[in-house]
1. Quick one: angle between helix 117-128 and the longest Cα principal axis of the chain, in degrees between 0 and 90, rounded to 10, please.
2. Let me know the charge dipole size of the chain about its Cα centre in debye, to the nearest 20, where only the beta-carbon of Lys, Arg (+1) and Asp, Glu (-1) is charged.
3. Only Cα pairs under 8 Å and at least 6 apart count here; give the relative contact order of the chain as a rounded whole percent.
4. Over the chain, with a Gaussian network built from C-alpha contacts below 10 Å, which listed residue (111, 25, 96) shows the highest mean-square fluctuation?
5. Which value at 222 nm does the chain reach when only helices count, each DSSP H run of 4 or more adding -39,500 (n - 2.57), with the total divided by all residues and rounded to the nearest 500 deg cm²/dmol?
6. On alpha-carbon atoms, Rg over Rh for the range 60-131 using Kirkwood Rh?
7. Take the eigenvalues of the Cα gyration tensor for the chain, scale each by 5, and report the square roots as semi-axes in whole Å, largest first.
8. According to a simple spin-label model (label point 7 Å from Cα along Cα-to-Cβ), what is the distance in nm between residue 16 and residue 3?
Amino acid sequence: MADTAALAQGAVEALLEDERLRGDLSDDGFGPLLDWATRALTAAAGEAARGAPEEAARARMAEVAEQVRGALTAAVRAAEGHSRDDLRALLREPLLQRSVPARLRVATLGLRLGDDPDANAARLAKALGGLYPRVG
């Protein structure tokens, strides 16, 4: 059986090691998005590990980590660019496609994104809150 903590830690560390993910956001902007991604990966790790052999759990977790990374990258771009195209790209992310409530929160928020990328990122992190990937 797979170790939940190890699965989560590996996925989170991979995000932390990739400095490109933060774009030009400061800690004030990137921090809330990273917190969301960490919660999402931790929740997914618990689900991936439940009753699965270690190799299968790692494979599931790798898929989930890519979805979270994609959503995180798109959220950073939307925060920085605050354009409709950037927001639409975030809404097209597979992770958001699975959640109508999250898409509605993000779409509604998109109408209020301004010129401060860090403030935009914090707002997007709040809109993404509660959005966790499904494993399997």
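Derivation of every value follows stated rules applied to the coordinates shown; laboratory data play no part. Just so we're clear, the structure is a prediction, and the values are computed from it rather than from any experiment. Note that each Cβ is placed from the backbone with ideal geometry, even for glycine, and that neighbours are counted across all protein chains shown.
1. The two axes meet at around 50 degrees.
2. 800
3. Relative contact order, the chain: 34 percent.
4. Answer for the Gaussian network model of the chain: 111.
5. -24000 deg cm²/dmol
6. Over the Cα atoms of the range 60-131, Rg/Rh equals 0.95.
7. Equivalent-ellipsoid dimensions as semi-axes: 27, 15, 11 Å.
8. Going from the residue 3 label point to the residue 16 one covers 1.6 nm.
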